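A quick write-up on the structure given underneath.
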Amino acid sequence: MPPKRAPSATYRIQLNKDFRFADTSRILDYLHELGISDLYLSPVLASRKGSGHGYDVTDPSRINPDLGSEEEFAALQGELQNRGMGLLLDTVPNHMAASAENPWWMDVLENGAQSAFAALFDIEWHPHSRSLDGKILLPVLGRPFGEALDSGEIKLLFQENRLFFQYLDSLFPLTPRSYYSILNHRFERLKEILGEDSPAFHEYSGIIASVRELAEADRRAAETAADRRLRFESSRDRLRSVVGSSKEVASFVEENVNEINGRPGDAGSFGILQRLLAEQNYKLAFWQNLNENINYRRFFTITELVGVRVEDPIVFEATHGLILRLMAKSPCVGLRIDHIDGLRDPFAYLHKLQER
């Protein structure tokens, strides 16, 4: 990498939905007259919607749409270059948002250690606690699990073609094997409603058979995780189609979800919901659980920020591809690294970054 000049006077801009790339372009003349040599921008990669800071990254492979488009970012680069000004970018290698807006994290919750993205995050899949073997402890509940369950705060939700658990504003995906229990619930009742010869019933029966095979997939060692993922996505696409075309099927699935959700004050009505929660790749728990029980690395003690294994070359490329492409273009002159002290080997990380 050829040596670049050192910035002599920087001005930091905190970008958010209320101050975007286009807004920044409009103040460049003022900053240039002040003698600012380089604009220092807060993180520009996709973060949680409405984030006021950008350090809760959800997708490092794209520009944050809250801040503007790639074209608007390129226009800002052009305006800086026209004035002979440089650009410093803030980057976050240490962590990402443990959020429903993070597709990589959601895939890990859905598929566990078999997820294609499991290696990205710093997770101990086999901790000392047997109850957490193969699971991620999520201390997100505002009260002990039993109280949250019996009060009806944890609910099953069917949204488009997917099933989730909902707790307040948070969503947690269900493992593929759970779909069979839910969709097959009261199956004979649907047969009575539609009749065995109904095309909708035949299609729904086919979906039931497909998710049943997914529930038993662990017995077929020859099938890869990628194969199971493709079959699961196909089953969910079919489910979305039949629910959209048959009001009877849509009502049936909705009634199943409502029944499984139980009734507050009736502890016995939450049995199926509790069994479903127990078979997930994560365990919802009271936030006051002791820190040593938590088996994923967080940013300090912030549960919503999960540590990233950037020391792994594959993870480095996955999380740094876009930022490195941006750095290759003028007028980028450098990076500000957020919390480099949280990395496993800061010196090796800097050496790798400088090498690239």
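The values are calculated or read from the model by the stated rules, or taken from the named source; none is laboratory data. Nothing here was measured: the structure is a model prediction, and the numbers come from that model. Cβ atoms come from the backbone with ideal geometry, glycine included; neighbour counts cover every protein chain shown. The accessibility values were calculated without ligands, DNA or RNA, using every heavy atom of the protein model including side chains. Shrake-Rupley method; radii C 1.70, N 1.55, O 1.52, S 1.80 Å.
When each of R26, R12, R48, R83 is tested for being of a type in the set (K, R) and touching a His at 6+ places or on another chain (Cβ under 9 Å), the lone residue that passes is R83.
In the range 130-161, the residue that is farthest from R231 (Cα to Cα) out of those that are part of a helix (DSSP H, G or I), open to solvent by 40 Å² or more (accessible area, probe 1.4 Å) and free of Cβ contacts under 8 Å to residues at least 12 places away in the same chain is E147. Filtered by the rule that a residue be aliphatic (A, V, I, L, M), assigned to a helix (DSSP H, G or I) and at pLDDT below 95, the range 245-293 gives a lone residue, A267. Whenever a residue of the range 180-208 is free of Cβ contacts under 8 Å to residues at least 60 places away in the same chain and in a helix (DSSP H, G or I), its partners that are among the polar types (S, T, N, Q) and open to solvent by less than 20 Å² (accessible area, probe 1.4 Å), lying with C-beta atoms within less than 6 angstrom and at least six residues away or across chains, give the pairs A200/S246; I207/S235.
Residue check: P127 meets all listed conditions (1) under 30 Å from D227 (Cα atoms); (2) in a loop (DSSP other than H, G, I, E, B); (3) within 16 Å of the chain's Cα centre (by Cα) but one, namely (3). Of the residues making up the range 325-351, those that are part of a loop (DSSP other than H, G, I, E, B) and either within 23 Å of the chain's Cα centre (by Cα) or surrounded by fewer than 16 Cβ atoms within 10 Å (Cβ to Cβ) (or both) are A328, K329, S330, D338, H339, L343, R344, D345.
So which residues in the range 27-63 are free of Cβ contacts under 8 Å to residues at least 24 places away in the same chain and within 23 Å of W104 (Cβ to Cβ), if there are any at all? Once the filter is applied, which keeps residues that are free of Cβ contacts under 8 Å to residues at least 24 places away in the same chain and within 23 Å of W104 (Cβ to Cβ), the range 27-63 yields only A46. Kindly indicate whether any position in the range 46-61 is among the aliphatic types (A, V, I, L, M), crowded, with 18+ Cβ neighbours inside 10 Å, out of contact with any Ser or Thr (no Cβ under 7 Å at 6 or more places or on another chain) and under 28 Å from E317 (Cβ atoms). No, every residue in the range 46-61 fails to be among the aliphatic types (A, V, I, L, M), crowded, with 18+ Cβ neighbours inside 10 Å, out of contact with any Ser or Thr (no Cβ under 7 Å at 6 or more places or on another chain) and under 28 Å from E317 (Cβ atoms).
Scan the range 226-250 residue by residue and report those that are within 25 Å of I154 (Cβ to Cβ), of a type in the set (G, A, S) and either under 27 Å from the mean Cα position of the chain (by Cα) or open to solvent by 50 Å² or more (accessible area, probe 1.4 Å) (or both). S235 - this is the single residue of the range 226-250 that is within 25 Å of I154 (Cβ to Cβ), of a type in the set (G, A, S) and either under 27 Å from the mean Cα position of the chain (by Cα) or open to solvent by 50 Å² or more (accessible area, probe 1.4 Å) (or both). All told, G307 meets the bar of being open to solvent by less than 10 Å² (accessible area, probe 1.4 Å), of a type in the set (G, A, S) and either farther than 23 Å from F172 by Cα or outside any helix (DSSP H, G or I) (or both). In contact with a Ser or Thr (Cβ under 8 Å, 6 or more places away or on another chain), in contact (Cβ under 8 Å) with a residue 40 or more places away in the chain, at negative phi and not in a loop (DSSP other than H, G, I, E, B) - does that describe any residue in the range 222-231? There is at least one residue in the range 222-231 that is in contact with a Ser or Thr (Cβ under 8 Å, 6 or more places away or on another chain), in contact (Cβ under 8 Å) with a residue 40 or more places away in the chain, at negative phi and not in a loop (DSSP other than H, G, I, E, B).
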